[in-house]
1. Just for region C:371-385: of the residues that are without any contact (Cβ under 8 Å) to a residue 40 or more places away in the chain and aliphatic (A, V, I, L, M), which one is most open to solvent (accessible area, probe 1.4 Å)?
2. Mind telling me which of the residues B:Ala214, B:Ala147 ends up being farther than 30 Å from C:Pro200 by Cα and within 14 Å of chain C (Cβ to nearest Cβ)?
3. Tell me which of these C:Lys145 doesn't satisfy, since it passes every other one: (1) within 30 Å of C:Trp55 (Cβ to Cβ); (2) open to solvent by less than 40 Å² (accessible area, probe 1.4 Å); (3) part of a helix (DSSP H, G or I).
4. Would you check if B:Gly136 is surrounded by fewer than 20 Cβ atoms within 10 Å (Cβ to Cβ), in the same structural domain as B:Val201 (by TED's automatic domain parsing) and at positive phi?
5. Go through (1) touching a helix residue (DSSP H, G or I) at 6+ places or on another chain (Cβ under 6 Å); (2) over 24 Å from C:Asp63 (Cα atoms); (3) touching a residue at least 24 places away in the same chain (Cβ under 8 Å) for C:Pro310 and report which single condition fails.
6. Find all pairs meeting these conditions: Cβ atoms under 7 angstrom apart; at least six residues apart or on different chains; first residue within region B:175-195 and more than 7 Å from chain C (Cβ to nearest Cβ); second residue open to solvent by 60 Å² or more (accessible area, probe 1.4 Å).
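The values are calculated or read from the model by the stated rules, or taken from the named source; none is laboratory data. Keep in mind that what you see is a predicted model, and the values were worked out from it rather than measured. Here the Cβ positions follow ideal geometry from the backbone for every residue, glycine too, while neighbour counts run over all protein chains shown. The accessibility values were calculated without ligands, DNA or RNA, using every heavy atom of the protein model including side chains. Shrake-Rupley method; radii C 1.70, N 1.55, O 1.52, S 1.80 Å.
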Amino acid sequence: MAVVAQRAPWSRRAKEIRRHTLIYVGLTPYLVIAVFPILWMLITALKQEPDLYRMDVVPFWFHLPPTLKNFEFLFQRTFYGDWLVNTLSISLFVSAITLLTAVPAGYALARLRLPFAENLGIAIFMTYLVPSIILFIPLSRVVSELGLQDTWWSLVVVYPTFTIPFCTWLLMGFFKTVPFEIEEAAMIDGCGQFGALLRVVLPVSWPGVITSVIFSFTLSMQDFLYSLAFVSISEQKPVPLGVATELIRGDVYFWGSLMAGALLVGVPVAIVYNLFLDKFITGITGAVIK
Amino acid sequence: MGHLASGGGRSPGASLSVPVGGRAKALPWWRTPSVRRYLFGYTLLAPAVLYVGVLVGAPFLFSLYLALSDASVGAPVARFVGLENFTSALETGVFWTAVRNTLVFTVGAAVMKGFLGTTLAFLLVQPFKGRRVVRGLVVIPFTIPIAISVLGWKWMFDSQFSVLNWALSGLGLIGEYGTPDWPVWLGQPMLALASVMFVNVWRSFPFSAIVLLAGMTSVSPEIIDAAKVDGATFMQRFRKIIVPMIAPILFVGAAFDTVFTLSDLSIVYLLTNGGPDGATEILPTLAYNTGIRGGALGRGAAISLFLFPLLLPAMVLLLRTLRRRQY
Amino acid sequence: MSDSRLVQADRPTVTRRSFLKVTGAGATGGALLAMLDARQAPAQLKGTSLRVILWSHFVPAYDAWIDDFAKKWGEQNGATVRIDHIPHLELPARYAAEFAAGAGHDLIYFAGQILTGQYYRHLVDLSDLANDLGTRYGPWMPSAKSAAQVAGVWYAVPDYFISIPVLWRKDLFESVGRPAPKTWDDLRVAARLLRPKGHPTGMQFSHCNDANHNWRALLYCFGAKETDASGQSIELDSKETREALRFAKALYDEGMTPEVFSWDDASDNRYLASGVASWIHDAISAFRTTEDTNPKVFKETYVLPEAAGPGGTWNVGEPNVWAIWKFSKNVPAAKEFILAVANSQKEAMGASRGYNMPFLRRRYDKPMPGLGQDAKLGTLQEQDKITAFFGHPGPMTPAAQEVLTTFIVPDMFTRVARGASIDETMKWGVGEIRRIYAKHKAT
């Protein structure tokens, strides 16, 4: 008995180790695929220029001392600081607009059994299908009429055209998961339907709200064409446009600074992502599964 | 769960109308509960519908008009030419190459994303030490702005300084620089298409994995345990329980991702601009080079709208099924 | 990148901030002088704020120069000038947006992709300015008109063109006993001898600007024509074109590696700078990059203005022209600015390290800035005599522009290099070109 009792935890630990090993082995290819390019970008960002063009030595290590010059270049010789602030502001405003429109819309579509609701929902989704290659021309008229040409505010107006459809569908799923009983109870307690939405439904669905914000952030950073068409002034550009247009000079690529510029926005967002990931997962789960 | 499905479900407004239903007759029509509910509902919908209606709907009609006219960048007031832009697109070889590549790109990338995403989700659903760190690392490709990460890939695919080739060559998997066994990622037709697809996959598979992970964690362990007790094998549990449960997530995720992939210009534009000899030409690059850089707006619009009639019914069908599903 | 380049690539635009610093502080050294100058400036310029869009120059030092020039010009004239730089390939999208909006920059710039024929109805007639410059420094090269005129009216003013000569390695050529190259055949032989020694050549078989220009140069040197002189009838289907295609196939088979199918505009620069290439056909920015990054290779790199072919010697330039939107509220200031830049051509060409080739004949008086003092680049001082542009010998019409941006000519060469039959390729390419021309004729 005593022997067995002692053996059991040991073998459990062995099993654990084996299980972990299997998982790590299984994860390796994915990590290589996902992380290798990132690692390479990081190394490139820290390298001196002549070190990049050597194929006779291991490219993964530094043959000239690593340097922060590429990062300094970003902040001292370009408007990278402004670009960061612009991107952050754009994303915040876009998120706000998206929430203000998509929350009520998603709620109405999910809960109110409106005639044509289904078709309206599909119509909203369909707007996601229209390619930006043709939309940017008429939209530039709109942007100019609003007096927003060459300011990042133009992008605050335009980006919700793709965040609203996405987040409406996402939130629609969340609201479906909220039990009707909660809402009814709130209404009997004297809340109007709108009050019930604000005070009961929304707080219960906050993972959905966070999910929408995160998506608004990421989607806003994936655009290139709209920002190219609407913003040409350096200090008004968002990060992707600024980096891609001002760190390539004809046939000269400022590789190190390009990579530095990408990592400085990508990594913090990934960290935030991860912090919220648990909420996020319940968020998506709520949205579609239940 | 089923009772919550839309359409078939109750709504609070509707249920409230039951106890007060008796008074409904006395009220004028615009104050009846269902009318009030409609008013409330459409008011809630209005901002979103107006926003996308004004900023996408109206421009979309304008682009339809472009596609049916002979407009050029400098002369937007143009003649109506009917479907001529569409038929003239159909006549050119490059257009069909672009259609083929677009389909191969979208479907191929979707399959790869599906495979990598699903398998990764299966790994990440297990509890293990360092799961948070791993999850954080794998989402980075998704959080870096695509326009910049593509430039990173351009550098990694460089015909001369490719770090990929350096690594593969060091491992003895490919030949030395200057030999025919040194792959030119963006130069060989099949390889070029595979490379641009891979960048799309690299960027999106973490997203697929997370979405699926979400789906899997939501399958309650009790159901799986019950199935185990009933003697279901792993494959049976997978097919009969997990797949049906995560299918709706897959659908919405796939629908949005497909549209995003279809209309995404930046990867191909920045890596190959459709070359060499159309090997990676897709509809967005062809439309951009014809309509914007070449100045033939009408034909560019027609090319970029070409998939619309094909996509529309598919999407409507998909979304309707999704919404009606009893899940 | 060297430290000097970092400095040259200093803040890319005259910023609102730096402008405020200059005008606001007003106490800087030359301020008094500037104020005195300002009194003589045309009155209508005072207080205007001129917006200019330019491409990001391949020689970053030039951007720094023009930004500084604009700042000083603004100070002298009591105006503010703001220059935005964006990559040349993205300019057309920006113009489409500005045109649709009816607002944007006053002074715009077509770099490589000449949209004069597309937008001329909405561009200011600049004939007086162009004719004035023609009398002062001209005459204009005939091809200048093709880039800037529609029906005899100047809707644009040519600034400069980019020349794309042959850059070859003397040490490598000598190592296989070859003399300095003069013809395309010389280049082909050298590449054939040098590839086995690890020094192939390369010209882009891909969808990039250089591919468009390099293969056109070969075509024209073989005597092929894209259209007739009026730009109306397509004459590409010819014996000469077939010969050029055949030559390109041999050049590829004997002297290149498959890398060329993946190249972009910058790849051949790196090919030269890394010491691999035996020769390349590229703008002198590649020469300058090599100068900055690999002095050893640079010492052995020489410049041939263009290789001769059976049909003559034709270099294909990339034209750059100014234009002013009709919706601009600062037309006089914009015109003054074009004039000021043109008057400072010598300084500008020097700042571009000999890169900006003038369209005006008298600007070719030797020594030319950036070229004349340089033993290797001195040969480029007669480039005006051998330069042609896309569409040659026809003008740069919208149809020719669409043929350019859809990469039909490079694709024809790519197909043949990959082994497609010349007849079929010709049938395909000319068919696509005909379709494009037919569309433009219909409108």
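1. Initial filter on region C:371-385 (without any contact (Cβ under 8 Å) to a residue 40 or more places away in the chain): C:371-375, C:378, C:381, C:385.
Remaining after also requiring aliphatic (A, V, I, L, M): C:371, C:375.
Values: C:Leu371: 0, C:Ala375: 101 Å².
Looking at residues that are without any contact (Cβ under 8 Å) to a residue 40 or more places away in the chain and aliphatic (A, V, I, L, M), I get C:Ala375.
2. Details: B:Ala214 fails: within 14 Å of chain C (Cβ to nearest Cβ).
After applying the criteria, what remains is B:Ala147.
3. (2)
4. Numbers: surrounded by fewer than 20 Cβ atoms within 10 Å (Cβ to Cβ): yes; in the same structural domain as B:Val201 (by TED's automatic domain parsing): yes; at positive phi: no.
Considered against the rule, which asks whether it is surrounded by fewer than 20 Cβ atoms within 10 Å (Cβ to Cβ), in the same structural domain as B:Val201 (by TED's automatic domain parsing) and at positive phi, B:Gly136 comes out as no.
5. Result: C:Pro310 passes all but (1).
6. These pairs meet every condition: B:Gly175/B:Asp181; B:Trp182/B:Glu176; B:Leu193/B:Val104.
One line per residue, one yes/no per condition, for (1) crowded, with 20+ Cβ neighbours inside 10 Å; (2) touching an Asp or Glu at 6+ places or on another chain (Cβ under 6 Å):
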position: C:His281; (1), (2): yes, no
position: C:Leu304; (1), (2): yes, no
position: C:Pro310; (1), (2): no, no
position: C:Glu318; (1), (2): yes, no
position: C:Asn330; (1), (2): yes, yes
position: C:Ala342; (1), (2): yes, no
position: C:Ser352; (1), (2): yes, no
position: C:Tyr355; (1), (2): yes, no
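Every residue, every condition in (1) in contact (Cβ under 8 Å) with a residue 12 or more places away in the chain; (2) open to solvent by 20 Å² or more (accessible area, probe 1.4 Å); (3) under 30 Å from B:Leu120 (Cα atoms), yes or no:
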| position | (1), (2), (3) |
| --- | --- |
| A:Leu22 | no, yes, yes |
| A:Pro37 | no, no, yes |
| A:Gln48 | yes, yes, no |
| A:Arg54 | no, yes, no |
| A:Phe60 | yes, yes, yes |
| A:Pro66 | yes, yes, no |
